[in-house]
Amino acid sequence: MRKTIVAGNWKMNGTLAGSIELAKELGRVLSRQKLNRVRPVVFPPALYLIAVGQQIRDTGIELGGQDCSTAAAGSFTGDVSAPMLRESGCRFVIVGHSERRRFHGETSDTVRAKAAAAMAHQLTPIICVGEDASGLAQADLRSTLGAQVIGSVPADAHLNLPVIAYEPLWAIGAAASATPRHIEVAHAAIRSTLVDLLGPAVGEQVAILYGGSVNPGNCADLFSVDNIDGVLVGRSSMNADQFVALVAAAEDRRRREEGGGQALDQ
Ligand code: PGA
């Protein structure tokens with residue numbers, strides 16, 4: 001069974017010293033826990049990747065970039081390439097986050113090219129999709145997400161599996177997450193599109209994360225949704241206690257599913 005991913009997107013926040021402190025604290029706490037069912041991943045700002053990577057080495061926490069170029073190298077001022085991320089210790093990269101789509105005009109075509117660049121350089125892309133408006137009718141929700149998945153997932157995704165993050169825009173940075181029922185409908189639509197696109201053997205294997213105002217107070221409810229393979233977290237990932245609580249909740253949920261075991265110490 002695939003592990004539950006708990007991904008912390010630090011966005012453009014913090015300082016070098018603060019990021020090192022946060023990484024050190026996460027490493028100290030999480031390395032003491034036997035995380036057999038969860039993969040915690042942190043996504044610091046690109047400038048801090050190497051320093052954060054040094055703090056989390058051998059702790060079980062993995063590293064990811066927040067974005068990458070479609071190109072491997074060249075005259076692209078300000079961009080960071082997939083091979084650079086890989087060389088800096090990353091295993092993952094987020095592509096097509098709604099803030100990139102919105103503030104940098106990234107289309108699904110661009111996102112697909114970024115995901116392909118990541119996969120070509122042994123990075124797992126976390127491809128973000130999500131509807132703008134709340135309250136869509138189910139049929140509209142399904143067709144919006146279906147179109148985004150078809151547009152953003154590379155056709156040869158079976159060679160190196162991507163991860164999809166479902167992040168409804170109205171739930172990002174908001175007071176409340178989407179409801180478990182809404183997420184269930186959205187994830188089912190994404191899953192069936194993946195199965196159509198990649199075939200059942202591959203489409204069923206792609207992990208689907210939920211993101212948007214996930215915190216320790218609502219994660220138990222969210223983890224009760226069957227088809228959630230993990231979470232992509234913004235604000236709650238920049239506080240060590242909260243991120244550790246999310247990781248612990250994910251591990252406990254999986255342990256319970258497997259039929260027992262003690263709750264994790266925090
Ligand atoms: P949030 O951010 O958890 O602060 O809502 C989520 C995201 O943008 O990935």
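For LEU161, are the conditions met, namely being surrounded by 15 or more Cβ atoms within 10 Å (Cβ to Cβ), among the aliphatic types (A, V, I, L, M) and more than 16 Å from the ligand (Cβ to nearest atom)?
Judged against the criteria, LEU161 is a match.
Taking only the range 74-83 into account, find how many residues are surrounded by 10 or more Cβ atoms within 10 Å (Cβ to Cβ) and either touching a residue at least 24 places away in the same chain (Cβ under 8 Å) or more than 15 Å from VAL95 (Cβ to Cβ) (or both). Full working, then the answer.
The initial filter retains those residues of the range 74-83 that are surrounded by 10 or more Cβ atoms within 10 Å (Cβ to Cβ), namely 76, 79-83.
The next check asks that each one be either touching a residue at least 24 places away in the same chain (Cβ under 8 Å) or more than 15 Å from VAL95 (Cβ to Cβ) (or both); those that pass are 76, 80-83.
Total satisfying the criteria: 5.
So which residues in the range 72-104 are under 20 Å from the mean Cα position of the chain (by Cα) and of a type in the set (A, V, I, L, M, F, W, C), if there are any at all?
Passing the criteria: VAL80, ALA82, MET84, LEU85, CYS90, PHE92, VAL93, ILE94, VAL95, PHE103.
Go through the residues of the range 48-63 one by one and say whether even a single one is surrounded by fewer than 17 Cβ atoms within 10 Å (Cβ to Cβ) and touching an Asp or Glu at 6+ places or on another chain (Cβ under 7 Å).
Taking every residue of the range 48-63 in turn, none turns out to be surrounded by fewer than 17 Cβ atoms within 10 Å (Cβ to Cβ) and touching an Asp or Glu at 6+ places or on another chain (Cβ under 7 Å).
So in the range 184-215, with the set limited to residues that are in contact with a Gly (Cβ under 9 Å, 6 or more places away or on another chain) and surrounded by fewer than 16 Cβ atoms within 10 Å (Cβ to Cβ), which one is farthest from VAL38 (Cα to Cα)?
ASP196
Take the residues of the range 75-94 that are among the β-branched types (Val, Ile, Thr) and either closer than 7 Å to GLY65 by Cβ or in contact with a Leu (Cβ under 9 Å, 6 or more places away or on another chain) (or both): which is farthest from the ligand (Cβ to nearest atom)?
Within the range 75-94, the match that is farthest from the ligand (Cβ to nearest atom) is VAL80.
Considering the range 100-140 alone, what residues qualify as being under 17 Å from TYR166 (Cβ atoms), within 16 Å of the ligand (Cβ to nearest atom) and out of contact with any strand residue (DSSP E or B) (no Cβ under 9 Å at 6 or more places or on another chain)?
Across the range 100-140, the qualifying residues are ARG102, GLU131, ASP132, SER134.
Cβ-Cβ under 8 Å, sequence separation 6+ or interchain: first residue in the range 194-214 and at pLDDT 95 or above and among the aromatic types (Phe, Trp, Tyr), partner part of a helix (DSSP H, G or I) and crowded, with 21+ Cβ neighbours inside 10 Å. Which pairs?
TYR210/ILE183; TYR210/HIS187; TYR210/LEU222
What number of residues within the range 171-183 satisfy the criterion of being surrounded by fewer than 18 Cβ atoms within 10 Å (Cβ to Cβ), in contact (Cβ under 8 Å) with a residue 40 or more places away in the chain and more than 8 Å from the ligand (Cβ to nearest atom)?
2
Can you give me the number of residues within the range 216-241 that are surrounded by fewer than 19 Cβ atoms within 10 Å (Cβ to Cβ), within 23 Å of PRO45 (Cβ to Cβ) and within 14 Å of the ligand (Cβ to nearest atom)?
Number of matching residues: 2.
In the range 129-159, how many are within 16 Å of the chain's Cα centre (by Cα) and among the polar types (S, T, N, Q)? Reasoning before the result, please.
Kept after step one, since they are within 16 Å of the chain's Cα centre (by Cα), are these residues of the range 129-159: 129-130, 149, 152-153.
So of that shortlist, the ones also among the polar types (S, T, N, Q) come out as 152.
Number of matching residues: 1.
Name every residue in the range 28-47 that is surrounded by fewer than 16 Cβ atoms within 10 Å (Cβ to Cβ) and out of contact with any Ser or Thr (no Cβ under 7 Å at 6 or more places or on another chain), in order of residue number. So that I can check it myself, show each step before the final result.
Going residue by residue through the range 28-47, those that are surrounded by fewer than 16 Cβ atoms within 10 Å (Cβ to Cβ) are 28, 31-32, 34, 36, 47.
Matches in the range 28-47: ARG28, ARG32, LYS34, ASN36, LEU47.
Residue check, GLU25 against (1) within 16 Å of LEU246 (Cα to Cα); (2) in contact with a Ser or Thr (Cβ under 8 Å, 6 or more places away or on another chain), all met but one. Which one?
Answer for GLU25: the failing condition is (2).
Filter the range 174-212 for residues that are in a strand (DSSP E or B) and of a type in the set (Ser, Thr, Tyr) and give the result.
The one that is in a strand (DSSP E or B) and of a type in the set (Ser, Thr, Tyr): TYR210.
The values are calculated or read from the model by the stated rules, or taken from the named source; none is laboratory data. On a predicted model such as this, the values are computed, not experimentally measured, just so you know. All Cβ positions, glycine included, derive from the backbone under ideal geometry; neighbour counts span all protein chains shown.
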